[in-house]
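Asker: Supplied in structure tokens, the structure appears directly below.
FYI, it's all coordinate maths here, none of it is from the lab. Just so it is clear, the model here is predicted, and its values are computed rather than measured. All Cβ positions, even for glycine, are placed from backbone atoms using ideal geometry, and neighbour counts span all protein chains on display.
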Amino acid sequence: MTSPNHSRVLVTGAAGFVGRALCSQLTGAGQAVIPAVRRGSELQGEVVIGDIGPSTDWRLPLAGCDAVVHLAARVHMMQESVQDPLALYREINTEATLNLAQQAAQAGVRRFVFISTIKVNGEGRDAPYRETDAATPEDPYAISKWEAEQGLRRIAQETGLEVVILRPPLVYGSGVKENFRRLLDTVARGWPLPLGAIHNRRSLLYLGNFVDAIRVCIEHPAAAGQTFLLDDGHPVSTPELVRALARAMGRPARLFPVPVGVLRLVGTMLGKRAPVARLTGSLYVDSSAIRSRLGWTPPYSLAEGLAETVVSAK
């Protein structure tokens, strides 16, 4: 087996937002990367797996691997279209994950890095989240990730597979989509936003910081068996985020104050309760554990991450 500093790493979900950046980061660090993708994506050396599930055969891509980074998942969706979403989340995010981990252990893989979610801790509160908090997943996505975490710990105890669990908050960077992209576009157009009266704290994680933390967790001996929360180290309020984006764009931040209670009432009336809750509420993490135990610090500041995201979005 190769040394931890020059590992052979299987990356699932390699064609995604985080996966592409991670493959580039690991390749640049001298790792041999095996990108596993759902369908052909033109990544060098990729292995096409198709839809992952409890019976997926991973023997070919796992051959000779030292580590696995499991990014592939059914992601959180605002509007579910299936009758039993929890069953589908469990099939992909829980059962498929445990199937991969079992086969990884059988193949002699040393370390398994699982990308979970801060939503395992909860949907937000005024105090910071920590790894020692009791898990309080609320939606099917978070429940499926939490169940996967528990199953991975059992597999680690039974097989000796070194499991590392990472719970990121919202990840932004080049190629970001969904709500963050919509906020980018709104600020770029100079539209006024009724967010000036919000006083919250939200943790964010820049893509470059995320993949760097994953790289460290693949290699560092002290990461084995640990769960880490991640962020850029500087939680911001929603108005601060808008102002920072506007500065990066060289545009004025057009904010006017509307009471938070009014925003939430309007959100409920329009069927947008959850998005408004994220804009107005707090969700921030204490990421001191990975810093103290692994000596990791984010290589990019919030300002640098936002500036790169703005440039890539043009």
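Asker: Using a cut-off of 14 Å between beta-carbons, work out the net charge of the residues near residue 38 (Lys and Arg +1, Asp and Glu -1, residue 38 not included).
Answerer: Computed value for this residue: 0.
Asker: A follow-up question, please. Sorted from fewest to most neighbouring beta carbons within 10 Å, what does the list 70, 199, 220 look like?
Answerer: Ordered from fewest to most neighbouring Cβ atoms within 10 Å, 70, 199, 220 come out as 199, 220, 70.
Asker: In addition: Tilt of helix 260-269 relative to the longest C-alpha principal axis of the chain, in degrees (0 to 90, nearest 10)?
Answerer: Roughly 70 degrees, rounded to the nearest 10.
Asker: Count charges around residue 221 for me, please; just the other residues with Cβ under 15 Å from its Cβ, Lys/Arg as +1, Asp/Glu as -1.
Answerer: +1
Asker: Here's a follow-up. When only Cα pairs under 8 Å and 6 or more residues apart are kept, what is the percent relative contact order across the stretch 184-314?
Answerer: Rounded, it is 41 percent for the stretch 184-314.
Asker: To the nearest 20 debye, what charge dipole does the stretch 37-175 have about its Cα centre, counting +1 at the Cβ of each Lys and Arg and -1 at the Cβ of each Asp and Glu?
Answerer: Using only the charged Cβ atoms, the result is roughly 300 debye.
Asker: I'd like to know which of 100, 220, 253 lies farthest towards the positive end of the charge dipole of the chain, counting +1 on Cβ of Lys and Arg and -1 on Cβ of Asp and Glu.
Answerer: 253
Asker: Would you calculate, for the chain, the mean residue ellipticity at 222 nm contributed by helices, counting each DSSP H stretch of 4 or more residues as -39,500 (n - 2.57) and dividing by all residues, to the nearest 500?
Answerer: Details: 12 runs with 126 residues, N = 314.
It comes out at -12000 deg cm²/dmol, rounded to the nearest 500.
Asker: In the neighborhood of residue 69, defined by Cβ-to-Cβ distances under 10 Å, what is the net charge if each Lys or Arg adds +1 and each Asp or Glu adds -1?
Answerer: So the environment of residue 69 carries a net charge of +2.
Asker: Just to be sure I understand the model, the point goes 7 Å from the Cα along the line to the Cβ. What's the resulting residue 75 to residue 107 distance in nm?
Answerer: Once both label points are built, they end up 2.4 nm from each other.
Asker: Ordered by packing density, taken as the mean number of other Cβ atoms within 10 Å over each peptide's residues, highest first, how do 271-284, 41-54 rank?
Answerer: 271-284, 41-54
Asker: Pull out the extension gain between residue 191 and residue 153, defined as 0.36 nm times the separation in residues minus the alpha carbon to alpha carbon distance; nm, one decimal.
Answerer: 8.9 nm
Asker: Next up: Measure nothing but the geometry: give the 0 to 90° angle between the long axis through the Cα atoms of 96-106 and the longest principal axis through the Cα atoms of the chain, rounded to 10°.
Answerer: Roughly 30 degrees, rounded to the nearest 10.
Asker: Continuing with the same structure: Points 7 angstrom from Cα along the Cβ direction at residue 273 and residue 87: gap in nanometres?
Answerer: 2.6 nm
Asker: Can you give the convex hull volume per residue for the Cα atoms of the chain, as a whole number of Å³?
Answerer: 132 Å³
Asker: For the pair residue 311 and residue 39, what calculated FRET efficiency results from E = 1/(1 + (r/R0)^6), where r is the Cβ-Cβ distance and R0 = 35 Å, to the nearest 0.05?
Answerer: The formula returns an efficiency of 0.75 here.
Asker: At a threshold of 8 angstrom on Cα-Cα distance, excluding pairs fewer than six apart, so keeping six or more, what relative contact order does the chain reach in percent?
Answerer: The value is 18 percent.
Asker: Rank 172, 144, 124 by how far each Cα sits towards the positive end of the charge dipole of the stretch 55-203 (+1 on Lys, Arg Cβ; -1 on Asp, Glu Cβ) and give me just the farthest.
Answerer: Positive-end residue among those listed: 172.
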